[in-house]
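Structure record follows, encoded as structure tokens.
The values are calculated or read from the model by the stated rules, or taken from the named source; none is laboratory data. Predicted, not measured: the structure shown is a model, and the values here were computed from it. As a convention, Cβ positions derive from the backbone with ideal geometry for all residues, glycine included, and neighbour counts pool all protein chains shown.
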Amino acid sequence: MSETVFIKNIAQLKTPGPDLHDPVITLSNAGILIENGRISWVGPMEKAPVPGSAAELDATGQTVTPGLIDCHTHLVFAGDRSDEFISRTQGATYEEIAAAGGGIRTTVLKTRSASSTDLLRSARHRIRRWIQQGVTTLEIKTGYGLESESEYRLLRIIDQLKNESPIDISPTFMGAHDIPPDIDRTVWINQIIQDLIPAIAMENLAEAVDVFCEKGVYTIGESDRILAAARKAGLAIKVHADELTPIGGASLAARYQAWSADHLLCVTDQGIRDLSSSGTVAVLLPGTAFYLKKPFAPLSKLTAAGIPVALATDFNPGSCPMESLSMVMTLAALYMGMSADDCLKAVTTNAARALGRHHVTGCLLPGYRADLVIWNAPDWNHLIYHPSVNHTAAVMAQGRWIFSTGEPIECPFH
């Protein structure tokens, strides 16, 4: 049960505003009052209300921000692909490895062979590490089953994680992650459209459907059919768009007013124009560009067009085994020119928008869910400047403390 908490003497409190183009608010010597799992007041200490019976916490010398949101992960899988990483260091490309039967299909075979107990255990350990780094909302995709029962099993595992986790988990069905190694392409697409999507929507096992719209994976036409089925079933839409080749995935996402178009390393000017009027969030994944040694997404073009931009890890065992949003922000700042304030928006309110949660979380303002982090840092810039250190002091999700570096807090993932 959430308690009434007053966090006082905060050296720096930073939060995005509630609207898309609001500037980031920065307060010094600030306080924040949490009641019934929600923020009831935030402001300078000299104007703080009398906290009454609230539990007080002194944050002198520390920074407070909204809880971080990782809006694109592939977190449930078995095994690793370290051998492929070494191959890439010797000159092999991601595409060459996939064409030779490796890549996503390697993880599919390992995941199918793993027990549900092992998959659940490894996912819990990963989620615990996200919590320890200040994440309070997390998207998890399927896509390493690529067979009806295997995809269902992954959805049920994600559903169990969602029900037992102290953080908010957003499940995404991504049966269209690759072409199955052992099922006819047309048969599998029809199964996704006719059987899986309607049943998943009926059982409320996913919030959204994602598709890897890419040369050698799912064509624009095939992706369109899958997304049309998702729309008909009442599910939200996300698209792996224009990652390796510019085939029009961004324009397809825009046409569906998708929650997000993700990757966008090869997005065209037309794709940017289409996204600019769609309300779709551009989810950029600089860790993937870094690992694949690809050019980074064109941030300046996207922001100039007024497109909201989020950042995420794209955590997966192949193209981006990166678990740190701090490192992602550092890459975005160094190689894409993203400002520290825009990094904050990209991992809070814009990431919430990419999961349909921007009216609930991502801001430290009255009425929003009390998802927040206290950082052992004098200001927000330190998280981007010094990403190799975990600066987390304490994490609150939905008004409950779920992690602290001081004393243990009861949590099924601690």
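Do we find that VAL283 is surrounded by 22 or more Cβ atoms within 10 Å (Cβ to Cβ) and over 19 Å from LYS215 (Cβ atoms) in this structure? Taking the combined requirement at face value, the residue satisfies it.
Screening ASP58, ASP22, ASP118 for residues that are among the charged types (D, E, K, R) and assigned by TED's automatic domain parsing to the domain that holds GLY318 leaves exactly one candidate, ASP118. Counting only helices (runs of 4 or more DSSP H) wholly contained in region 166-248, no element carries 1 or more residues that are at negative phi, of a type outside the set (Gly, Ala, Ser) and under 18 Å from the mean Cα position of the chain (by Cα).
Of all residues in region 301-326, exactly one satisfies the criterion of being at pLDDT below 95 and among the hydroxyl-bearing types (Ser, Thr, Tyr), namely SER319. If the condition is being in contact (Cβ under 8 Å) with a residue 60 or more places away in the chain and not in a helix (DSSP H, G or I), then region 120-145 contributes GLN133, GLY134, VAL135, THR136, THR137, LEU138, GLU139, ILE140, LYS141, THR142, GLY143, TYR144. Each residue in region 107-119 was checked for being part of a helix (DSSP H, G or I) and over 30 Å from MET396 (Cα atoms), and 7 of them qualify.
Just the residues that are of a type in the set (Val, Ile, Thr) and part of a loop (DSSP other than H, G, I, E, B), please, taken from region 249-295. Across region 249-295, the qualifying residues are VAL267, THR268, THR280. The strands (runs of 3 or more DSSP E) found entirely in region 326-404 that carry 1 or more residues being in contact with a Gly (Cβ under 6 Å, 6 or more places away or on another chain) and under 26 Å from GLY37 (Cα atoms) are 372-375, 392-397. Residues in region 347-355 include none that are surrounded by 19 or more Cβ atoms within 10 Å (Cβ to Cβ) and more than 14 Å from the chain's Cα centre (by Cα).
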